[in-house]
Structures are given as C-alpha cells and as structure tokens.
Amino acid sequence: MRSFVELFYHRLKNIFETPFFGNESDLSLGSIVQLLLASIVVFFCVRLLRRLLKAKLLKPLKLDASNREAIATLISYGFGCLAFVILLQGVGFKFESLAVIVGSFGVGIGFGLQDFTKNSVSGLTLLLERKVKVGDFIEFDRLSGYVKTISLRSMVIRTREGGDVIVPNSQLVENRVLNWNYEDALGRIHIPIGVAYDSDPVLVTEALLNAAYNEPNVLHDPSPHVLFRNFGDHALNFELRVWVQGYDREPYVKSMLNFLIEDSLRHQGIHVPFPQQDLWLRNPEVISPIIHPSRSLRSAGDEMRSPLPSSPKALSIRDLLKQVVYFQGFTNLELRELIEIGYRKRLRQEDILFREGDPGDAFYIILSGSVDVYAQKIDKHLATLETGKFFGELALMLGIPRTATVIAKKDTILFVINNRGFKRLLRENLELAENIVKELSKHQQELSERRKQLQDMGLDEKDDNNNVVDWVRHRVKKLFSL
C-alpha cells in the first residue's frame, strides 16, 4: 500500500514538474498553477487596496470623489503590477518561459489581448487627462447618465432610470462625448411655446419671464431670455431659454417651468392655440338646418371657436414701467427689452430688502404686496409703498448709499433692475442717460444734500463746480462707464 502511494505521488509530481517544451524551458503544469494562484492573490489585494484608499486613506485629504477615484485606481494598479512580478519571482517562475508561449501562440495572444490593451490604455488616458470624472453627467451614443466608476478596462454609467451600463473605455476615448460637468455644471434649457396670433408679444415676454423667475432652479445670472422664433401656421412661436446649475435635473426643471408657463399665460389672458383650418362652403343654407333648425351655421361655428373663460389678468410690468417718469417715452420694443433685463425678487413678510447705508445698486417696482420705509437713525416710519410704486432709482443712478431701510409689510414680489442691467440699458440707449439727468436735476436741493454727504464720506471728489446738473451728468457717466 505504501509503495502504491509513493508511486502515485512521484507520478503526480512528475506531471506537475515536467516541462512542456523539454529541458530548455521551466514552464510546467505546476508553474502555471502557481501563476494562477499568484494572480488571484494579486487581484484581490488590488481590489482591497483600491477600496481602502477611496474610503479611508484619501478621505481625510478632502479630495473630491473623482480625484479619489483616479488616485486610488492608479496606485492600486501600480501596486498590482509590482506585486505580480514579485510573486512570480517568489514562486520560481522564470520570465524566459514566457518567451516560449509568446513564440508559439504570439499571433493568437496578440489578437486576444488587442481589445484588452486598447481599453486599458484608454482607461489610463481617462484617469490621467480627467476629461471625464466620477460624478460627471455625460451623454454619448443615445446614452446619458452619471459616471459611477472608472476602472482600467471599463466605465460604469448609472442612468437616470437607475440602471448601470458598463461601457468599454475605448468607446469613450474614440467617440464624441458630451460632458455637462467638464468645467462647470451650468446648462441651458430651451422651452418652445406657441401663442395665439392676437397675443401681445410684450405680455408674452412678461409671462414667460415671470414663470422663469418663479422657478428656484433657474439662475438669475446668466439671466433668462425670450426669443421670438417665427410666425407659425397657427401660432406665434416663442422660446424661453434659462440656465440651471446641474443639467441632469433638466426633465424636472422643464416640467416645473411648463406648469408655471401655463399658469402665467392663463393669468395674462394669453391662449395657446390648436391647429385650425378654415372651411368655405358654397351652399351653407343646405346643411345649416342639420346643425339646429333655429340656429345658423355661422352662430354654431362661433360657439365652437369661443375661448374658455380665463382667470383675471395679472398686473402688467409694461404698464407699471410706463408710469415711471424715466421710461415714459419708451416704445413697446424698448419696454420688452427692459422687462428682459430686470428680474423678479420675492420677499416674505418682515424680510429686509436693504438697510440704511447699504450700497444703492438696484431699482425696484412693487408687483404685488407692500413695503414699509423706515429711517433707522431717527427711528421714524417714513412711508408705506403699495403695488405699482417704485423706489431706489436715485441711489442706483447716482451710486449713493441707501438713506432708509425697506422691510416687507407682507408677502411681496418686486421687479428689480440692478446696476449691471441698467449699465447695459444705458449703453444701448444713450438718450435715456440724458433724460435721467434732466429728471434728477429737478430735485436740486435733495441732490445738493446727497452730493455734500458723499464728499464728507470721501465717496466723491470735492470741486468748486456748483452746477448740480453737471455733477449729476458726470456721476451717471462715471458709474455706468458711458
């Protein structure tokens, strides 16, 4: 029995130790088994090191997820290559033996490893160049989603629907990829809308911008814009363009904007038309009784086309702007541009809009609600401004500090034109600057006090020129770089 066991052991040992290609090679079944075991050990060590680096070692350095992913991947794979070579030498595997395999199966191995090598090189390129990072929202080949992981061979993309798509790295390197997070997460959303031909384009602009500024995800800078696209078959076609921080939320923001646009158009009495065709009949008297014996075809058709009852019209910003003395000479097109330059600001009850002494950097019109004006230095209530009133124009146009504190008496919506918007307006309409100077100059006593106050505070140059009009003109041109 013992001799049988020894014989079996020696034969098994000879099978594992006998070289495949004669005595010139050390490549045997035993060395291949050792190579496989070493590879498995290295593989699990690399994965463990990568997770440890991302979750533990690199987190205290306060690196973002994409940087941690790239550093952990490069270090772990570098460690894996070094450990693999050390283990091969430790088990006595000679690299000269690989020459036999490469020489015998070089063509087959070359074709087999071609895709692996291409994807590995592409993975290193993505990790080093960092054109696509973990967490980015990308689109390519009708696929969109978030980059979940980037490994040496492939990338995992998580779609909006929650599925994970594994994509070879070479496809991202060789094809065009739209990366919405490359330099920043800004993205622009386009919403087309058609309105009836009898609609006022200025009111349409107001309605669309009101909807845009009522959506919290829409940015004020860059500001929303309304484009008049064309005259369609059944409608005037407009387009609302807004910017958002994080384009991945585009479906949700667009849905919310559609709700707001519908509500805003309805409050302005603007109708969204449906396709219509006019049908001309040569003998309407023949088919008229079929509709109703006591009604004509024309009356029946008029009832069919009568619009549904609409909600009361909202307050028009255009009409409010016309009440401001500086804009009374504006045409509808100029008022439309002014409406687009401004933006809406919402105040809750008791919210402070600005305090006494704050920079005068904006002009306000009250669209709804009311505000209280206080002089804090003397603790006195100066006025209550209701819907339709405007304030803050003097501080904006002369660049002087606020002379009072404004607090919302109740929930209030304001139309705001800030310094940047006013600068753009004056540069495009130089006559407006002179009109403003003439209107401001009517309050010479107040202007003289403001001028002296600025000089005492060191915010204006002292000169011997007593002409207030010249001072106002110089002040406006200097502030708005005219």
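Computed from the coordinates by the stated procedures, all read-outs in this text should not be read as laboratory data. These numbers come from a predicted model, not from an experiment.
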Quick one: Kirkwood hydrodynamic radius for the stretch 147-193, alpha-carbon pairs, angstrom, one decimal? 12.7 Å
Scan around Asp136 for amide H atoms under 5 Å from its own, H built in the peptide plane at 1.01 Å from N, and keep only partners 5 or more places away or cross-chain. Val147
So which of Lys322/Lys438; Lys131/Lys254; Lys389/Lys423; Lys389/Lys409 end up more than 20 Å apart, counting from Cα to Cα? Lys131/Lys254; Lys389/Lys423
